[in-house]
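Have a look at the structure below, then the notes.
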Amino acid sequence: MNAAKILPKKAVIVISEKASPATIYAAKALQENLNTAFHKTLEIITDKKGKKSFEILVGNTNRFEYPEKNLTEGSYRIKSYQNGIYINGGGNRGVLYGVYRFLEDFCGFHYYSTKTGYNITEKTYLQIEDIDIVYDSFFEYTETDWLSPRDPLFSVINGLNGGECRKIPQEMGGDIKFLSEFCHTLTNQFCSKEKYYKSHPEYFALYNQRRNPNQLCLTNDDVYKIVLEEVLDILKEKYNPDEPIQIISLTQADNSCFCQCKKCQAIDEGNKSHAGSMLYFINKISNAVKEAGYDNVFIDTFAYTYTRTPPKNIIPNDNVIIRLCTIECCFSHPLSDPKCEQNIKFIKDFEDWHRICKKLYIWDYTNNYSQTAGLFPNLNVIQRNIQCFYEHGAAGVYEEGNYYINQCDTEFGELKAYLISRCLQNPYCNYDKELQDFLRNFYGVKWKYIYEFLTIINKNASKDHLSIYQGMKKTLSLTDNQIKQCEACWKKAKTGTLDSFQLDNILRSELSWRYWKYCNNILEFSDSDSYEENKSKLFDDFKKFNVTRMKE
């Protein structure tokens, strides 16, 4: 089908004379990519000019009364009408998200990774009749820290809006900002141990009958005053009243040295959870922040390790975000698996938090931090877990990946980044199609062998418990025949006509399989005579691909 004949020759893009910077950016992105697809220049005009024979309207214009009202941030509608199509969206991001959805669905544009770039992967066409797509965001906050999502363009195209791992300019829709540091801020950023511990050890946790600089005493009045003053100082410097959401993180340091003084202990015992003293403190701060007039600021705190269980007698204020963390969970089974003991406990805490919390976010994990270069076969749970977050009322999701990715870009990081982004955009997307489309684009003509390998290892992830600190000896449960099948997949994937980009991707991803064999003394690593030689080859190839870090 000749796409150029379907797009009317005199088609134009129309925006409001008062269009926002984000709408103007969206119109220019549409113009640039349609020009690439159809080899013709579409003019952008304002609605001050008279109607043309065929118009693509971007954002609200004066052309007619739009049927949808009060679209929420990030939502959009794409609809055809007589002699035109319109793309309308909510907030600062909706129109731009709608434009990229239009380019993807009707023109074949995709952004699978920063390595592939934004390109046309299908035969280009443009259907201009019977279009009606309505999209509402599943989550208000979406974030992951793999490599490709650090690119603002990848993030906008694939629906990520967190501001921790990339800064998205306002003309590209902006991001949801943590005005503070992102995590583990108490004793580090707020009431820091470097500043206060020597002179005021009483500000810090009484743990095992000694003051410990690694957590705060959350019932100490001076600690409250110091932290509040530091929070207000940040707000005076960085606050933007026009942002829908801004966040300050008051989160426990990454250890279990919680305070055992009489006041903190009494609150915790009364609430049957160490989250009691934490939430007592957080509610006091959040009350003061609201009283100071910061209505769009939310105080974020963790439900993490010793604070994961909800308190019995304290409810989070409406301007508090509870960030529930999955660190103890099993990742060979979906979180909703009723037979997985670790995940059953998590879901119970999830449901209990949802009952008392107005704004619940998730911190999830998608990587093996003790064996970063090795296999972490979690592809079969990523989509179902994100669905579970949505179904249990989470408003935001952060999927932690290999946050030091530039030092260890191996395994299937780019694939996971893409699948996570797509699932956060739509938890009920066609996951297998998204997976296959990525593999075809990233690995080339022999992609089906990579698909076969992934199918084998993900079906045979540890049958017991796959943690984010899993040794390679317990990551997979493969028979000798399955090991041979996996080995054959990689050999076949590397044969035939491949360009350097595709071969490079295959060899880089194969490192994780080679590392698994090395850790398990399998195949070429089972022969004592050639072991050292093969080990040297493996680690030389790690260096070749600039892999400088093997674990957290």
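Being modelled with pLDDT of 85 or more and either open to solvent by 40 Å² or more (accessible area, probe 1.4 Å) or under 15 Å from G98 (Cα atoms) (or both) holds for only one residue in K52, K5, K9, and it is K52. For the range 240-267, a residue qualifies if it is without any contact (Cβ under 8 Å) to a residue 40 or more places away in the chain and either open to solvent by less than 10 Å² (accessible area, probe 1.4 Å) or small (G, A, S) (or both), and exactly one does: A266. For L435, the test of being of a type outside the set (K, R), modelled with pLDDT of 95 or more and open to solvent by 10 Å² or more (accessible area, probe 1.4 Å) is passed. Only a single item in (1) assigned to a helix (DSSP H, G or I); (2) surrounded by fewer than 20 Cβ atoms within 10 Å (Cβ to Cβ); (3) touching a residue at least 12 places away in the same chain (Cβ under 8 Å) is not met by V227, and it is number (2).
Taking every residue in the range 51-67 that is touching a residue at least 12 places away in the same chain (Cβ under 8 Å) and pairing it with any residue that is open to solvent by 100 Å² or more (accessible area, probe 1.4 Å) and part of a loop (DSSP other than H, G, I, E, B), at least 6 positions away or on another chain, the pairs with Cβ-Cβ distances below 8 Å are K52/K10; S53/K10; F54/K10; R63/K51. Scoring R166 on the criteria (1) more than 30 Å from Y306 (Cβ to Cβ); (2) touching a residue at least 24 places away in the same chain (Cβ under 8 Å); (3) not aliphatic (A, V, I, L, M) leaves a single failure, condition (2).
Mind checking which residues of the range 169-178 are open to solvent by less than 10 Å² (accessible area, probe 1.4 Å), at negative phi and either without any contact (Cβ under 8 Å) to a residue 40 or more places away in the chain or assigned to a loop (DSSP other than H, G, I, E, B) (or both)? Answer for the range 169-178, where residues must be open to solvent by less than 10 Å² (accessible area, probe 1.4 Å), at negative phi and either without any contact (Cβ under 8 Å) to a residue 40 or more places away in the chain or assigned to a loop (DSSP other than H, G, I, E, B) (or both): just D175. Taking the range 54-81 as the range and being under 24 Å from N161 (Cβ atoms), part of a loop (DSSP other than H, G, I, E, B) and of a type outside the set (S, T, N, Q) as the test, the residues that pass are G59, Y66, E68, K69, L71, E73, G74.
Residue count for the range 92-106 satisfying the condition of being crowded, with 22+ Cβ neighbours inside 10 Å and either closer than 14 Å to Q425 by Cβ or touching an Asp or Glu at 6+ places or on another chain (Cβ under 9 Å) (or both): 7.
In the range 259-278, the condition of being closer than 20 Å to E181 by Cα and out of contact with any Pro (no Cβ under 8 Å at 6 or more places or on another chain) is met by at least one residue.
Filtering the range 520-551 down to residues that are touching a Ser or Thr at 6+ places or on another chain (Cβ under 7 Å), touching a residue at least 24 places away in the same chain (Cβ under 8 Å) and not hydrophobic (A, V, I, L, M, F, W, C), which residue is surrounded by the most Cβ atoms within 10 Å (Cβ to Cβ)? In this case the residue turns out to be R549. Note on the range 415-451: among residues that are more than 23 Å from the chain's Cα centre (by Cα) and part of a loop (DSSP other than H, G, I, E, B), the one that is nearest to S75 (Cα to Cα) is G444.
In the condition set (1) surrounded by fewer than 21 Cβ atoms within 10 Å (Cβ to Cβ); (2) within 16 Å of the chain's Cα centre (by Cα), F64 is compliant with all but (2).
For the range 42-49, indicate whether the set of residues that are assigned to a loop (DSSP other than H, G, I, E, B), touching a Ser or Thr at 6+ places or on another chain (Cβ under 8 Å) and either more than 30 Å from G413 (Cβ to Cβ) or β-branched (V, I, T) (or both) is non-empty. Yes, the range 42-49 contains at least one residue that is assigned to a loop (DSSP other than H, G, I, E, B), touching a Ser or Thr at 6+ places or on another chain (Cβ under 8 Å) and either more than 30 Å from G413 (Cβ to Cβ) or β-branched (V, I, T) (or both).
What are the residues in the range 366-377 that are within 17 Å of I327 (Cα to Cα) and either buried (at least 22 other Cβ atoms within 10 Å of the Cβ) or aliphatic (A, V, I, L, M) (or both), if any? If the condition is that a residue be within 17 Å of I327 (Cα to Cα) and either buried (at least 22 other Cβ atoms within 10 Å of the Cβ) or aliphatic (A, V, I, L, M) (or both), then T366, N367, N368, Q371, T372, F376, P377 are the ones that fit. Does Q383 qualify as being polar (S, T, N, Q), surrounded by fewer than 20 Cβ atoms within 10 Å (Cβ to Cβ) and either on the phi < 0 side of the Ramachandran plot or in contact with a strand residue (DSSP E or B) (Cβ under 7 Å, 6 or more places away or on another chain) (or both)? Judged against the criteria, Q383 is not a match.
The values are calculated or read from the model by the stated rules, or taken from the named source; none is laboratory data. Just so you know, these numbers come straight off a predicted model, no measurement behind them. Every residue, glycine as well, gets a Cβ built from its backbone with ideal geometry; the counts of neighbours run over all protein chains shown. Surface areas here come from the heavy atoms of the whole protein model, side chains and all, with no ligands, DNA or RNA. Shrake-Rupley method; radii C 1.70, N 1.55, O 1.52, S 1.80 Å.
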